[in-house]
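Scroll down for the structure; my scribbles are underneath it.
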Amino acid sequence: MTYSLVGMCARTGMFGAAVTTSSGAVGSRCPYARAGVGAVLTQHRTDPRLGPKGLDLLEAGKSAAEVITELTRADPTIGWRQLAVIDNTGATAFFHGDRIKSVHAESQGTDCCAIGNIIRNTEIPGAMTTAFEANPEEHLAERLLRALEAGDAAGGEFRQIKSAALLLVHKEDFAYVDLRVDLDRDPLAQLRYHWEFDKPMLQRYVDRVIDPDSVPYPEI
């Protein structure tokens, strides 16, 4: 009951993940990213421990494929999990556990990988990666958001989606974008609303951390 995407911007080096589902607070459990390292998605009876563990493996120099191998080795519960990983070269890898009995699928594209479970059809991840690839000059957040919207237009999931999240990292060790809609009748519309509101302020939020003296006060 979740569809999602990890992606990288080759132009800026940003990494990100976007996800939506019919349960609540998906942004607190599924997407993980680290600047200069990569991004990980963990879903379907989600094990949130796999996100940070996957990022640590990427930071240690493992490729996306090697991370999947490590995360799925000797874990008796791994059959319930679905994973996607992107590394700092833009290479991706995915995993579907053998206990996932619903419609599930994946699609790997240029600098991106989409996965879904309990979805209406197997074409949804492909629609997402196609949308992500369509405009590489756009901001990574916009590309990820368009991918979620394309997945919804391609069929989405069987139940009404209720939460969505958009996570990006850039140069710092804190999130560049971390937007979450936790319970809403139209979470993708709300996520777009939050992104369009947030976008003009992104650099100022960074400046407040790195060089607060450079930010005019009072701010207008």
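At-a-glance table
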quantity	calculated
Global geometry of the range 1-84, whether rounded, prolate or oblate, following the gyration tensor of its Cα atoms and the 1.5 cut on a/c	oblate
The chain - accessible surface per residue (Å², probe 1.4 Å)	46 Å²
Under 24 Å from the Cα of Lys62 - lysines, other chains or at least 8 residues apart	Lys53, Lys171
Contour minus Cα-Cα distance for Arg11 and Thr69 (0.36 nm per residue)	18.0 nm
Top of Gly24, Gly38, Gly51 by mean-square fluctuation, Gaussian network on the chain, Cα under 10 Å	Gly24
Options Ile161, Ala114, Val177, ranked by Cα towards positive dipole end of the range 83-183, top entry (Cβ charges)	Ile161
Projected label distance in nm at Leu202 and Ser23, using a 7 Å step from Cα toward the beta-carbon	3.0 nm
Neighbour net charge for Gly109 - beta-carbon separation under 12 angstrom, K R +1, D E -1	-2
Hz values of 3J(HN,Hα) by residue in the range 115-130 - Karplus curve (6.51, -1.76, 1.60), Gly and Pro given as x	9, x, 9, 6, 10, 6, 7, 7, 7, 4, x, x, 4, 5, 5, 4
Alpha-carbon centroid distance for the pair the range 146-193 / the range 112-127, whole angstrom	15 Å
P(r) tail fraction, the chain - alpha-carbon pairs more than 24 Å apart, %	37 percent
Dipole magnitude (debye, nearest 20) for the range 59-144, charges at Cβ of Lys, Arg, Asp, Glu	500 debye
The range 84-220, accessible surface, carbon-and-sulfur percent (1.4 angstrom probe)	50 percent
Debye log10 I(q)/I(0) for the range 92-191, one point scatterer per Cα, at q = 0.18 Å⁻¹	-0.93
For the range 33-148: rounded, prolate or oblate by the Cα gyration tensor [a/c cutoff 1.5]	oblate
Crossing angle, helix 140-153 versus the chain [Cα axis fit, 0-90 degrees, rounded to tens]	40 degrees
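The values are calculated or read from the model by the stated rules, or taken from the named source; none is laboratory data. What you are looking at is a predicted structure, and each value in this text was computed from that prediction instead of being measured. Cβ sites come from the backbone with ideal geometry, for glycine too, and all protein chains shown count toward neighbours. Just the protein is used for accessible areas: all its heavy atoms, side chains included, with ligands, DNA and RNA removed. Shrake-Rupley method; radii C 1.70, N 1.55, O 1.52, S 1.80 Å.
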